[in-house]
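A short reminder: the numbers here are calculations on the coordinates, not readings from a lab. From a predicted model like this one, the values you see are computed outputs, not experimental measurements. Here the Cβ is made from the backbone with ideal geometry for all residues, glycine too, and neighbour counts use every protein chain on show.
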Amino acid sequence: MSDVCLKTITIKGELLQYLTMNHGQYQRTVRELLMFLRYRVELYTLDRDQWVLKAKGTTGNLGDFEDVVGDITGCGNVIMAIKTTKGENV
């Protein structure tokens, strides 16, 4: 993974790398991490001086990311198999 776009911030003496993304990039990243790469995703927010878990999800339990993932067939290619036969025996 490239770190070209990563930015760095220091919070309470701890160095933290981050990147900014728009809403579409965020949705695509979460969708691909959960559905294709099968990663666990946790989203944290800084509340005062404490990191707080805001959302979490896995491939088997989308949890807080169900709205982000949405209908997976509407977001990508659909793979379909069709069998054609002659006659009445199907």
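Results, tabulated for the structure shown:
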item: Tally of residues being out of contact with any helix residue (DSSP H, G or I) (no Cβ under 9 Å at 6 or more places or on another chain), in a strand (DSSP E or B) and of a type outside the set (S, T, N, Q) across the stretch 18-66; result: 8
item: Residue check, GLN17 surrounded by fewer than 11 Cβ atoms within 10 Å (Cβ to Cβ), farther than 22 Å from CYS5 by Cβ and among the polar types (S, T, N, Q); result: no
item: Residue selected from the stretch 16-54 under the condition of a type in the set (Phe, Trp, Tyr) and without any contact (Cβ under 8 Å) to a residue 24 or more places away in the chain, by the criterion nearest to GLY70 (Cα to Cα); result: PHE36
